[in-house]
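Sharing a structure below in structure tokens format, with a few things to ask.
Read-outs: derived from the displayed coordinates by stated rules, not from any lab. Because the structure is predicted, anything quoted here is derived from the model rather than measured.
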Amino acid sequence: CYVLQKALERLGGAIPRNIDALVFLAADIDRDTLPGIVRPTRPGQRVAVHFSREDSVLSVLSGMMNVGKARLGAAGPPSPVPAHVFAFDQTAALGTVGGDDKTPVHSRYLDSRYPVVGNVVDFLAERR
């Protein structure tokens, strides 16, 4: 996500016209930078932000490196959410670490046992 953030910043925050949708999964970027780096350049462009409040990798470890800056993948986008940004709170879907599954929540986004991949595919297939 860092590379995508930097590329968009170089473009002045404008999403290239040939891009229909951007997807942020467990993004380790400052949540407050989102509105400035994802400005649509044509109708129909969309941005999906998938986050989990139980993502300890982002909320604890990255939080130590980025003191005082909430991470997009742990806190979701700031309010108000622009109309072209779709926030998907995956906290319930990804669960917490415990029980039989010791996999960190941060690593579950692309795990087929969880519904996030299907949600992303549906989002990308949807035309507006």
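³J(HN,Hα) across segment 71-86 via Karplus (A = 6.51, B = -1.76, C = 1.60, θ = phi - 60°), whole Hz, x for Gly/Pro?
8, 4, x, 10, 10, x, x, x, 8, x, 7, x, 4, 8, 9, 10
While we're on this one: How much length, in nm to one decimal, is gained on full extension between T41 and L110, taken as 0.36 nm per residue of separation minus their Cα-Cα distance?
Length gained between T41 and L110: 21.9 nm.
Could you identify which residue out of S107, S62, S79 has the top mean-square fluctuation in a GNM of the chain using Cα springs shorter than 10 Å?
Maximum among the listed residues: S79.
Using amide H atoms built 1.01 Å from N in the peptide plane, name the residues 5+ places from A48, or on other chains, whose amide H lies under 5 Å from its own.
Placed amide hydrogens put L22, V23, F24, F86 under 5 Å from A48.
Given an 8 Å cut-off on Cα distances and at least 6 residues of separation, report the relative contact order of the chain as a percent.
The value is 25 percent.
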